[in-house]
Each structure stands twice: as C-alpha cells, then as structure tokens.
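Written below as structure tokens is the structure these notes are about.
The values are calculated or read from the model by the stated rules, or taken from the named source; none is laboratory data. What you are looking at is a predicted structure, and each value in this text was computed from that prediction instead of being measured. For neighbour counting, all protein chains shown are included, and Cβ atoms are generated from backbone atoms with ideal geometry for every residue, glycine included.
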Amino acid sequence: MEVNCGLGYTIHITTEIQFGFLEQDFVVTDRNVFQLYRDRFSMVKDGHLVVLKPGERTKRLRSVKKICRAMQKANCDRHTRLVAVGGGVVGDVAGFAAAVYLRGVDYVQVPTTLLSMVDSSVGGKTAVNLHGKKNAMGAFKQPKAVYICTNFLATLPGRELASGDGEILKTAFLDADLLDYICANKTAFFAKERSVVTEVIARCIAFKARIVEQDETEKGLRKILNLGHTVGHALEAAEKFRLSHGAYVLNGLIYEARIAKHLGLIEDAYFRQIVQLCEIALCNKLAPLPASLTDYALTDKKNADGKIVCVLPVEKGVTTERAFTADEFRQLMEAVV
Ligand SMILES: NC(=O)c1ccc[n+]([C@@H]2O[C@H](COP(=O)([O-])OP(=O)(O)OC[C@H]3O[C@@H](n4cnc5c(N)ncnc54)[C@H](O)[C@@H]3O)[C@@H](O)[C@H]2O)c1
C-alpha cells in the first residue's frame, strides 16, 4: 500500500520487512532494534552505522553530535542519505542530525514502533529535549520517504504496543471516521489484530499527511495534532519520562477532556467515550498530577503571550484552542484531578 503525501514523498506500507540500504547510506538505529534485526544491518558499509542507547534520554543534543561526528569521520557528504531505523526517539534525533549535518542531507524513516508508524515518522518534525524540556530544540525537515513494515511489530513489547494507542486515539478524536472504525472494531483494535492495526496505521498517517500538507510548520491547523499533548508533555517531563510517551498522551487526553468538561465545552456522551477508550488503553492507571506540572506546561512550544495553550476536544472531529495564565491553568488542574 502507498500513501502519497502532498509534501513530496511517498509512505510505503508493507507487512514484510522490505527496505535496503544504498551505497551512500548512513544508518542510525538503537541497541534494541540493532540486536533484534542485526542481520539487516550487515548490508551497511563499515563506519556508516550509529547505534544509540534506547530510550527518551537519548533524545539530546549529544546524540545529534555523535551522529554528525560519525558521519564526518566516514567522509559523508551532501549526497549521503541518512536512514533512521527505529522508534520515535531514533527518528527525531536522526532527523535533526539530517537537518543540520552540512546544513542538511536527505533522510528516510523506517519506523519500528507502532507509535512511530502512526505518527512520528510522518510530518517532518525533528527534535531533541533540552534540560529535561520536551522537544525544546529541533527543525522541520521532511523525509524523502517513509517505509512502514508492520512485521517489526512482532517483536515490540506490550508496553510499547499500548504506547501507540496514545497517538492513535488522539488522531481518532480528530478524525471522526477513524473513531467510528476503531469503535466498530474495538476488541480487535485493543487486541492488536494485524489487519485492523494495518488499517489504523494507514488511516492515521493519511490523516496526518493531509493536515501537515496544509500547514507544514504549525502556524495554524497543524496545532490540532497537539490534542492531549499540553498536559501529556508537561507530565512526561515532570515525571522524567517514567512511562512511555503514548501513556503520557493518554493521560493528557483524559485530563484535557476533563478540562473541556469543567469549562462546559464538551458533550457528555463524547466526554465519556474519550475517557472510556483512553482508560482501556491505560488499564485505568491514570498518573497523579505533580506540583511542578504548570512549570513544565509554561515551557510548551504552543504557548503565546506567556499563556499556556491547550487544544481541547468539543465533539467528534472538532477541537477548540484555549489559552490560560499559569494561575488559571493551576486552578483548572486542581479542579479536574
Ligand atoms: N516527530 C514527531 O512528529 C513525533 C510525534 C509523536 C511522538 N514523537 C516522539 O517519539 C518518541 C516516542 O517514540 P516511541 O514510542 O517510538 O519510543 P522509542 O523510540 O523510545 O521506542 C520505544 C522502545 O521500543 C524499542 N523498539 C523499537 N522498535 C522495536 C521493535 N520493532 N521491537 C522491539 N523493540 C523495539 C526501542 O528500543 C525502545 O526501547 C518521543 O520522544 C516523542 O516525543 C515525535
């Protein structure tokens, strides 16, 4: 299956692991993926591979420098193609390296987690965290192609499969058709039946590509993709990345739905539907809110005029943006715990 993205590249979806490396490729992956798929990397030229430590803590400037230095040592030039084989962490870090090495080289995404297949591999956002603050440095840099091979999911641990639900449900609360599809196939979706998951991946990336085509650098429409992420990112940073990224997005979706309810913005039935789906994905393990949440929310990239901006759900496929002072946000969070 192929999804043509109006940003000038194609997203290929296959079940088999079908990707190869070109002579000039420089490859970035993480240790877990490398160990599981070692034979795939035997095709990579000597000195053209960086294997990063797995996990969110790798999303830092030091990793970008490590990749760029290894590329320099391997005499990579502007014709080098960087290939990111891994989850969202590898994709974000390698994408950032591709954006800055020699002022930019082409790169390709080969996502290996559910979360990166449905979301982070598409759209061209690259980033690292800075001083514990999420995605504080980065660049918009579109990949030249995305190769999604759903067979990678066969080795993905349960916690990481469930993490994919965060970005999938976020997309479903923006795209009414996807929400209907998930609700019509709820048992199979949560059991991660392959045919349903493949359909969901295709729908999620087609939706994201449509939004990004219209607003590549998040001046307006693209902001809706941050649903659940103001609280989610703040909680993730405040808890120092204890849980998976998707788990924080699910927490964010529930807390932001509660804010919408508190402000009288959302219909009751839709509120219950959001909470119910997110709770299934989270197995009812809602994270408590730390006192430092507002401090972290104050560093969110969407903020404007010193106010904390939240994208809130209203009805199926409809959101609204609201901005709060730090005091208002703190009071809201106290009201919705
Ligand atoms: N750029 C974007 O638009 C965008 C969008 C959403 C999220 N993100 C970012 O993505 C990151 C989260 O990505 P993630 O959830 O993929 O996390 P991740 O990259 O940390 O991967 C999760 C874990 O799964 C392991 N793994 C990867 N593929 C595997 C496989 N096939 N089999 C077994 N283990 C495998 C990894 O080694 C890691 O331990 C966050 O930093 C988030 O901010 C970026």
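Restricting attention to segment 143-184, the residues that are within 11 Å of the ligand (Cβ to nearest atom) and within 22 Å of L82 (Cβ to Cβ) total 3. The residues listed here are A234, A206; of these, the one that is farther than 21 Å from F324 by Cβ, assigned to a helix (DSSP H, G or I) and among the small types (G, A, S) is A206. Please verify whether R81 is among the basic types (K, R) and in contact with a strand residue (DSSP E or B) (Cβ under 9 Å, 6 or more places away or on another chain), treating the condition exactly as stated. So R81 fits the description; yes. Taking residues in segment 308-324 that are farther than 15 Å from G264 by Cα and among the charged types (D, E, K, R), and partners anywhere that are modelled with pLDDT of 95 or more and surrounded by fewer than 22 Cβ atoms within 10 Å (Cβ to Cβ), the pairs with Cβ atoms closer than 7 Å and at least 6 places apart or on different chains are K316/A176; K316/L179; K316/Y270. Restricting attention to segment 36-60, the residues that are within 16 Å of the ligand (Cβ to nearest atom) and either within 21 Å of the chain's Cα centre (by Cα) or exposed (fewer than 12 other Cβ atoms within 10 Å of the Cβ) (or both) total 12.
Regarding segment 95-115, can at least one residue be identified that is within 9 Å of the ligand (Cβ to nearest atom) and out of contact with any strand residue (DSSP E or B) (no Cβ under 9 Å at 6 or more places or on another chain)? Yes, that holds for at least one residue. The set of residues in segment 272-309 that are in a loop (DSSP other than H, G, I, E, B), more than 30 Å from C183 (Cα to Cα) and within 20 Å of the chain's Cα centre (by Cα) comprises T299, D300, K301, K302, N303.
Test D268 against the stated conditions and say whether it is surrounded by fewer than 17 Cβ atoms within 10 Å (Cβ to Cβ) and either touching a strand residue (DSSP E or B) at 6+ places or on another chain (Cβ under 8 Å) or at pLDDT 95 or above (or both). It is true that D268 is surrounded by fewer than 17 Cβ atoms within 10 Å (Cβ to Cβ) and either touching a strand residue (DSSP E or B) at 6+ places or on another chain (Cβ under 8 Å) or at pLDDT 95 or above (or both). Among all residues of segment 277-284, there is at least one that is farther than 19 Å from G132 by Cβ, of a type outside the set (D, E) and within 16 Å of the ligand (Cβ to nearest atom).
Against the numbered list (1) polar (S, T, N, Q); (2) buried (at least 20 other Cβ atoms within 10 Å of the Cβ); (3) without any contact (Cβ under 8 Å) to a residue 24 or more places away in the chain, T294 comes up short only at (3). When residues in segment 19-35 are screened for being over 25 Å from the mean Cα position of the chain (by Cα) and of a type in the set (V, I, T), 0 of them pass. Residue count for segment 116-138, restricted to those that are within 21 Å of K65 (Cβ to Cβ) and either in a strand (DSSP E or B) or within 10 Å of the ligand (Cβ to nearest atom) (or both): 12.
Might you check whether a residue that is surrounded by 23 or more Cβ atoms within 10 Å (Cβ to Cβ), over 21 Å from A136 (Cα atoms), away from the ligand (no atom under 16 Å from the Cβ) and among the aliphatic types (A, V, I, L, M) occurs anywhere in segment 64-87? Yes, the conditions are met somewhere in segment 64-87. With respect to being at pLDDT 95 or above, in contact with a strand residue (DSSP E or B) (Cβ under 8 Å, 6 or more places away or on another chain), within 14 Å of the ligand (Cβ to nearest atom) and not in a loop (DSSP other than H, G, I, E, B), I201 fits the description.
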